[in-house]
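Undergrad: If you scroll down you'll find the structure; I have some questions about it.
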Amino acid sequence: MVDKGIFDLSGKVALVTGGGSGLGRSICEAMAEYGADVVCVGRTGKKIEETIDLIKGYGTRTMAITADVADQAKVQGMVDQTVRELGTIDIVFANAAIREVGFQRIHEKPVEDWDIVMDVDLRSVFLLMRAVFPILVKKKEGSFISVSSVGGLWPIADHEFPRLNTAYSVAKAGVIMLTKLAARQYAKDNIRVNVICPGYHESGLTPPEEKAAFEAELIPHIPLGRGAKADEIKGLAIWLASNASSYVTGQILVQDGGVNA
């Protein structure tokens, strides 16, 4: 018989970066719904406070932290603050991301665009692992979930998806490999490390002025015929955070409406 409490996150502390909107906000809500205390991290204080207002009705402890996730000192500081105020960290969602605006071929790509995307989308995951893993190693348990993208799985021809950008796709591919390496390195410490690769979700990454054109190009290539709502990541997030996935590590979980089929 399946234990109905297998998804229960009561007593756990979940830290979510990029929690101010889109997928991150949905993940924060999912964690609180299933009993976890939630630390919502973001660049914009107003947005993360909106997330906290959304989830505080679930009755778990909540905390909002404004931080630059590409800054080593800030990342260490937010981890230290979480442990100081909530006692520990059990679950991490490395979700913070940005995407450069507009498509350019590699020789046209501004180096500044490349650097900032790499910092936020890839460096931040490394810094978060570096800060959190000592805590999880000491506990001999934990779940670290990275959020990548189907854009990190294969080189998508520009005539098919011209708005999936070079730096974003390369950074997200790096997140996948970093996650798999971490899963190997920390399995002996009972730390599970997995990566979600969403397809097109209402995540807030696409600028409003580009959204209609982006969807017109993308939707015809999705077998389910639509993009995903941000809330559709909740079930996968809960499964990976909970004991329901206790024997799952080093895995790429694709949620893309069938694009990768």
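The values are calculated or read from the model by the stated rules, or taken from the named source; none is laboratory data. All figures in this text were calculated on a predicted structure; none of them were measured in a lab. Heads up, the Cβs are rebuilt from the backbone with ideal geometry, glycines too, and the neighbour counts pull from every protein chain shown.
Undergrad: Kindly provide the set of residues from the range 194-229 that are of a type in the set (Asp, Glu) and in contact with a His (Cβ under 6 Å, 6 or more places away or on another chain), ordered by number.
TA: none
Undergrad: Quick one: SER149 ticks every box in (1) under 20 Å from GLY24 (Cβ atoms); (2) at pLDDT 95 or above except a single one, so which number is it?
TA: For SER149, the failing item is (2).
Undergrad: Now for a separate question. What's the number of the condition ALA36 fails, among (1) more than 21 Å from ILE233 (Cα to Cα); (2) in contact with a Leu (Cβ under 6 Å, 6 or more places away or on another chain)?
TA: (1)
Condition check ((1) over 18 Å from the mean Cα position of the chain (by Cα); (2) closer than 27 Å to GLY227 by Cα; (3) surrounded by fewer than 20 Cβ atoms within 10 Å (Cβ to Cβ); (4) charged (D, E, K, R)) across all residues:
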position: GLU85; (1), (2), (3), (4): yes, no, yes, yes
position: ALA96; (1), (2), (3), (4): no, yes, no, no
position: GLU100; (1), (2), (3), (4): no, yes, yes, yes
position: GLN104; (1), (2), (3), (4): yes, yes, yes, no
position: GLU112; (1), (2), (3), (4): yes, no, yes, yes
position: LEU127; (1), (2), (3), (4): no, no, no, no
position: LEU136; (1), (2), (3), (4): yes, no, no, no
position: LYS140; (1), (2), (3), (4): yes, no, yes, yes
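Undergrad: A follow-up question, please. Among the residues of the range 222-258, count how many are more than 30 Å from GLN185 (Cβ to Cβ) and surrounded by 16 or more Cβ atoms within 10 Å (Cβ to Cβ).
TA: Count: 6.
Undergrad: Do we have LEU218 as under 17 Å from GLY257 (Cβ atoms), outside any helix (DSSP H, G or I) and free of Cβ contacts under 8 Å to residues at least 60 places away in the same chain here?
TA: Criteria not met by LEU218.
Undergrad: With in contact with a Lys or Arg (Cβ under 7 Å, 6 or more places away or on another chain), small (Gly, Ala, Ser) and surrounded by 14 or more Cβ atoms within 10 Å (Cβ to Cβ) as the only criterion, which of ALA131, ALA64, ALA70 stands out?
TA: ALA70
Undergrad: On the given criteria, is SER149 more than 26 Å from PHE214 (Cα to Cα), small (Gly, Ala, Ser) and in contact with a strand residue (DSSP E or B) (Cβ under 8 Å, 6 or more places away or on another chain)?
TA: Spelling it out, it is not the case that SER149 is more than 26 Å from PHE214 (Cα to Cα), small (Gly, Ala, Ser) and in contact with a strand residue (DSSP E or B) (Cβ under 8 Å, 6 or more places away or on another chain).
Undergrad: Is there a residue being in contact with a helix residue (DSSP H, G or I) (Cβ under 9 Å, 6 or more places away or on another chain), closer than 22 Å to ASP8 by Cβ and of a type outside the set (S, T, N, Q) anywhere in the range 68-78?
TA: no
Undergrad: Select from the range 155-182 the residues that are hydrophobic (A, V, I, L, M, F, W, C) and at pLDDT below 90 and write down the one among them that is surrounded by the fewest Cβ atoms within 10 Å (Cβ to Cβ).
TA: Taking the candidates together, the pick is ALA157.
Undergrad: Would you mind stating whether VAL254 is in a strand (DSSP E or B) and either in contact (Cβ under 8 Å) with a residue 40 or more places away in the chain or touching a helix residue (DSSP H, G or I) at 6+ places or on another chain (Cβ under 8 Å) (or both)?
TA: Answer is yes for this residue.
Undergrad: Give the number of residues within the range 52-69 that are within 20 Å of the chain's Cα centre (by Cα), among the β-branched types (Val, Ile, Thr) and closer than 16 Å to ALA32 by Cα.
TA: Result for the range 52-69: 3.
Undergrad: Could you check the range 192-206 and list, in sequence order, the residues that are touching a Phe, Trp or Tyr at 6+ places or on another chain (Cβ under 9 Å) and either surrounded by fewer than 22 Cβ atoms within 10 Å (Cβ to Cβ) or at pLDDT below 95 (or both)?
TA: TYR200, LEU205, THR206 - these are the residues of the range 192-206 that are touching a Phe, Trp or Tyr at 6+ places or on another chain (Cβ under 9 Å) and either surrounded by fewer than 22 Cβ atoms within 10 Å (Cβ to Cβ) or at pLDDT below 95 (or both).
Undergrad: Sticking with this structure for a sec: So how many residues does the range 22-50 have that are buried (at least 24 other Cβ atoms within 10 Å of the Cβ), free of Cβ contacts under 8 Å to residues at least 60 places away in the same chain and in contact with a Gly (Cβ under 7 Å, 6 or more places away or on another chain)?
TA: 5
Undergrad: Which of the residues that make up the range 7-21 are of a type outside the set (Ser, Thr, Tyr) and either closer than 16 Å to LYS56 by Cβ or surrounded by 20 or more Cβ atoms within 10 Å (Cβ to Cβ) (or both)?
TA: LEU9, LYS12, VAL13, ALA14, LEU15, VAL16, GLY18, GLY19, GLY20
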